[in-house]
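Values quoted throughout were computed directly from the atomic coordinates according to the rules given, and no laboratory measurement underlies them. Worth saying up front: this structure is predicted, and the values here are computed from it rather than measured. Note that each Cβ is placed from the backbone with ideal geometry, even for glycine, and that neighbours are counted across all protein chains shown.
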Amino acid sequence: MIRLQTYMAHAGAASRRESEKLITEGRVCVNGVVVTKLGLTVEENDLVSLDGKLLKPEEIMHYIAMNKPPLYLCSSSDPQNRPLARDLLPRDITERLYNVGRLDFLSSGLIFFTNDGTFTAKLSHPSSEIEKEYLVEATNEIPESLLAAFQEGLNIEGVFYQCRAIEKTGRKSLRIVLIEGKNREIRKVFSHFHLHPKVLRRIRIGALSLGDLREGKTRELTEKEISSFVK
């Protein structure tokens, strides 16, 4: 027996977090009965459907690295019809893939796509302490006070932000390593110091670097790379 949202993730419907939202919206049925409360578990022979379409656990798993360009959204849809990062995935993949974590609309760099819910959960959970490295260029010179505050940790509007490592690479540029990576963390810290990142690019997740993967392109992760995240 596994939780319904985990089953949905294994079926490639959505990430576990997004699956929880689909359940509470009343879009999921188990054995013909609409489910709206979280916590339900299902067995192998149960029939699970989303919007009337039967879900089955994926037999083929994909693990894709993408160099996301700026001005692409990490989402399954967008009411504003902005370009979606998922539209850059190889067209020969018929399974539905979803992004692991996010890069905001203006940011670029390394992001993963998969239909493996277990892989997603492992990479997304803070206890995994997987490093994420960014290169940032600001519109103005970056003060030393920003580096010191971000290293020690600071509260902004009730949220605590702290990086694992930070160093200047130029008067207006930084290298930053995060662990948890809260929503728009770097941008909020910059804004706190009245700065604006004109370039924010993720160049590494764990031991995997962006390397020479060109912007807008993708590649499959190797078995060794996958194992480095789920060991």
Task: DSSP bridge pairs, region 43-127: antiparallel proportion in percent, nearest 5 - done: 90 percent
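With a sphere of radius 12 Å drawn around the Cβ of Ala121, what net charge do the other residues whose Cβ falls strictly inside it have (Lys, Arg +1; Asp, Glu -1)? Write down the numbers at each step before the final one.
On the way: positive: Arg3, Arg16, Arg17, Lys122; negative: Asp116.
The answer is +3.
For a quick protection proxy, order the peptides 59-65, 200-206 by their average other-Cβ count within 10 Å, most packed first.
On the way: 59-65: 16.1, 200-206: 19.6.
Top to bottom by mean Cβ count within 10 Å: 200-206, 59-65.
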Open item on the list: Could you work out [θ]222 nm for the chain from helices alone, using -39500 (n - 2.57) per DSSP H run of at least four and dividing by all its residues? Round to the nearest 500 deg cm²/dmol.
Closed with: -5500 deg cm²/dmol
TODO: Extending each Cα 7 Å along its Cβ direction at Ile203 and Glu215, get the distance between those two points in nm, one decimal.
DONE: 1.5 nm
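Report the per residue volume, in Å³, of the convex hull enclosing the C-alpha atoms of the chain.
On the way: hull volume 34.0 nm³, N = 231.
About 147 Å³ per residue, rounded to a whole number.
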Task: Cut-off 11 Å between beta-carbons: net charge of the residues surrounding Thr169, Lys and Arg +1, Asp and Glu -1 - done: +2
Open item on the list: Just to check I understand the Karplus step: with θ = phi - 60° and J = 6.51 cos²θ - 1.76 cosθ + 1.60, what whole-Hz values come out for region 169-179, glycine and proline as x?
Closed with: 10, x, 4, 10, 9, 9, 10, 10, 10, 10, 10
- [ ] Please give the residues of region 42-66, grouped as numeric ranges, whose backbone N is less than 19 Å from a label point set 7 Å along the Cα-to-Cβ vector of Asp87.
- [x] 66
- [ ] Starting from the Cα of Asp78, step 7 Å toward the Cβ, then list every residue of region 208-231 with an amide N under 19 Å from that point.
- [x] 215-218
Open item on the list: Residue by residue through region 99-110, what is 3J(HN,Hα) from phi via Karplus (6.51 cos²θ - 1.76 cosθ + 1.60, θ = phi - 60°)? Round to whole Hz and write x for glycine and proline.
Closed with: 6, 9, x, 9, 10, 5, 3, 7, 7, 9, x, 6
Task: For Leu73, distant residues with modelled amide H under 5 Å away - done: Leu84, Ala85
TODO: Sort region 2-55 into rounded, prolate or oblate with this rule: let a ≥ b ≥ c be the square roots of the eigenvalues of the Cα gyration tensor; rounded if a/c is under 1.5, and if a/c is not under 1.5, prolate when a/b is larger than b/c, oblate otherwise.
DONE: rounded
Task: region 178-231 - Rg and Dmax from Cα coordinates, angstrom - done: 14.7, 43
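Would you mind putting 155-164, 178-187, 8-17 in packing order, based on average other-beta-carbon counts within 10 Å, highest first? Numbers along the way, then the final one.
Working: 155-164: 12.5, 178-187: 16.9, 8-17: 21.7.
Order by mean packing, descending: 8-17, 178-187, 155-164.
Would you work out if region 127-219 is rounded, prolate or oblate? Take a ≥ b ≥ c from the square roots of the eigenvalues of the alpha-carbon gyration tensor; rounded if a/c is under 1.5, else prolate when a/b is larger than b/c, oblate otherwise.
Working: a/c = 1.91, a/b = 1.32, b/c = 1.45.
It is oblate, given that a/c is not under 1.5 and a/b is not larger than b/c.
Considering Cα pairs under 8 angstrom that are at least six residues apart, work out the relative contact order of region 131-205 and quote it in whole percent. All intermediate terms of the calculation are to be shown ahead of the outcome.
Values: 132 pairs, mean separation 36.8, N = 75.
Reported relative contact order: 49 percent.
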